[in-house]
Amino acid sequence: MKFKSLCLSVLIMVFCQNVCAQVTGTVLDAKAQEVIDYATVALYKTSDSLLITGVVTNQAGTFAIDNIKKGSYYLEASFIGYETTKTEPFTVVKSDANLNLGTIFLNASAELLNEVVLKGTSSAVINKVDRQVFSTKNFENAIGGNGVDVLRNLPSVNINGNGEIALRGSTSFTLLLNGKPIQSSASQILAQLPANAIERVEVITAPSAKYDPEGKSGILNIIIKRGATNGAFTQINLKLGAPSIEDYDNEDVAGRYGGDFTFNLRNDTWNFSLGASYTRNDVSGRREGDVYTIINDTLTQFPSDGERSFDEINYSGRVNLDYTPNASNLFSLGVYAGKRSKDRRANIFYYDNHAITPADGGDEDRIYTFQYWNDNLRIRKSDFVVASFDYEHTFINTSHLSTSFLYEYTFLGGPTTNENLAYPDISEILQEEYNTNDNPLHGIRFQADYTFKPMDIGQFAVGYQYRNLDHKGDFVYERKDLDTGEFILVPEFSSEVNLIRQINSGYVQLDKSTAQFDYSVGLRLESMDRELYLKDKVGVVDTTYTYDFVKLYPSASVQYKVNEDLKLKAAYSRRIERTTSFKMNPFPEREHSETLEQGDPTLKPEFIDLVEVGVVKDFEEGASLYGTFYYRDVKNLINRVNTIYNDTILNRIYSNVGSGTSIGLELGSEFKVTENWNNFIGANLYNFAIDGAYNGNQIDTSSFVYSLNINSTYTFSETASLQFTFNYLSERVTAQGEDSQFYSPNLAFKKSFFNNQLVATLQWQNIDMGLLDTNEQRITTWQDGSFYTTTNYVYEVDMIFLNLTYSFNKRKNESKFIESEFGKREF
């Protein structure tokens, strides 16, 4: 309660500010009528054109110049790729005047217009003060896909064979949608979000204190397409996938099709958005593995081979209503609801071999061998409803207050059926098990932010955030009695779990911009109370685990503008990675015939320190090069480690294994080979090391890891282009082993018709043609003298898609929807 009072006191302090003379306004793109954030606005004296000061616009495109003395002035507004606009002279006659110059329009430079209009290309990346901004217009291979397909093109992002998204080598990062924090699983949110709806992606690797500190590698901010003119907008997207070319001997034929639509109606006061989507995205594949365990002097080896496929269905509906009664107030109400289902089928053949291993290394004495067929189906479902209400107010002195309240109900669950059958006579059941879980989740988030400019100190921002998560779990594991045919409860795998987590946080931040310097310093104070209640199904175990802390999260960043073409920058940020309910449930859950998964109720969050320094260099004809050196130190590093459960089952346990460090270099370059051939290449190179211990075994391992993303586009005409992309991730170490390399080449041909109202895109994804090892990844773990496991996941290649997008008018889409805050993180 003391912390809550402190946060409220900080909010009250924001009203104790001095009123000063200032000039305000907004900078827009003259053609697109869209705001231009981070545009430069300079103030000059009319008499001698002496530069007085300068600022940059915020994300709303607005600016404010404070402490202007009496006199006559004019402004110049500029941004990369636009012509500089000079305003008419204006006069400040009172020291406490507040002069609003309205809208300043910037026109694209003739060079840029020639590039955009005649060739249809624009810059793939823009380096800003605190982030890198990637335009999705350049990622044609993602058209008709989802947000995950968009991220494959970013130099700092890589996606492995299991679909896990990593930013600078870490799967832990915060996801923002239109600047709003989302605590749910990034991969699940992005899989639900059509790529067609994404305008750009902002990568913020060393975030300031105003952002939620969660996510050890930083923030990905997904900006949804929006416009600025009144009228109606309707867009329909259809996607159809061709039948599988490769034969993986899967039980079911993969289906790939779907569609979505967006309707947006806007006038000066109201903005109404309605959207719905349905997608089926099945992926065929196989897995090939080998495992051995050593218990005492007995070695058990059980190689395996069989199907590993996914059937995925998503459908959802969104509605959002904005009300703007005047220029100072904005009300927004949104509802998002849907269903998700992802079935993972693993029909695997096992060859089980038990043998005595002599200590002197002599010949093994085989005990017995047998083979069996495992039919395993894991169904994961989620029904959810999310509702939010936002309010924003801009005061007469341009200070700004924004508030947001979000409530979410999500019902997670789904059974896993596991049958071990005799082979070759699979009609004989050797073992049959069934486990299911119901996980209702309630989440609440309230946030308030206030920004103001006291005199010429800079822009202050203060804020408060409250989050509450109540996540219950009911896990039931049953084994069939083959004599009676009845299923009997297995207590060691059955439990009730309830996680309650409350977070209160407040922050203060100062931003300042001058002609050559931009800097930001901030401090965030956070209090977290976590309570985990556990109970087994027979009432033997009934325990409550608590974990509380109060912690400071400082941040700082600075950018120095050497000249118009060269910038230097540095930043520091402290972060945290919290744990999900799944990773803290100590009752094992059987995933496969040879695998259990188990959590740790005492699991501590990861605490992270991030440091980076970088340089950005622009060249003639739109070419650019940037490089960022970074260092990341992680305490309480969480890894999934293996132990032996019995001779044929390994137990995967999430545990704090020690500390991890990453030292890396991120590089990116955009250049043209010819006038029609544009290229963007990004690379991330880093050394990753783990130092710690688990279960009495020392962990001291490191490796050099690198990833490469290539995007090459050739434009035939204003309406036709061909794009090749290549995504590569090198092998890398884990706490107990290593993951192999993973790569995927893709090709996309885009053609537009009817003045760009209809766009058709033909895609060839995961190009292989039987010549490469595309879309394959081997996962290997071991512990000397105990166990060894290696599994090669072979996912579908040579996938063909046709995507059609039709817009009923040319007005840009301004629809905006809310997303899940809690549930998808657990999905």
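We did not get these values from a lab; they are worked out from the coordinates using the rules stated. No experiment lies behind these values; they were computed from the predicted model shown. Quick reminder, even Gly has a Cβ in these numbers, built from the backbone with ideal geometry, and neighbours come from all protein chains shown.
General remarks:
- The residues F742, F688, when put in order of fewest to most other Cβ atoms within 10 Å, stand as F688, F742.
- Computed over the range 409-480, Cα set: Rg, Dmax in Å: 25.9, 83
- With viscosity 0.692 mPa s and temperature 37 °C, the Kirkwood radius over alpha carbon pairs of the range 564-623 converts through Stokes-Einstein to a diffusion coefficient of 205 µm²/s.
- Contour excess over end-to-end distance, with Cα ends at F671 and I500 and 0.36 nm allotted per residue: 56.5 nm
- Radius of gyration and maximum dimension Dmax of the range 515-575, Cα, Å: 22.7, 71
- The range 488-639 - Rg and Dmax from Cα coordinates, angstrom: 23.2, 74
- Local electrostatic count, F787, Cβ distance below 11 Å [Lys/Arg +1, Asp/Glu -1]: -3
- Convex hull volume per residue in cubic angstrom - Cα atoms of the range 265-334: 168
- Inter-probe distance in nm under a simple model that places probes 7 Å from Cα toward Cβ, at L804 and F716: 2.0
- The range 564-661: chymotrypsin sites (Phe, Trp or Tyr not before Pro) falling in loop per DSSP and having at most 16 other Cβ within 10 Å: F619
- Near I104, the amide H atoms lying under 5 Å from its own belong to T26, V27, L28; only residues 5 or more places off or on other chains count, and H is placed 1.01 Å from N.
- Rounded if a/c under 1.5, otherwise prolate or oblate - the range 125-826, Cα gyration tensor axes: prolate
- For the pair L430 and I681, the difference between a 0.36 nm per residue extended length and the Cα-Cα distance amounts to 85.0 nm.
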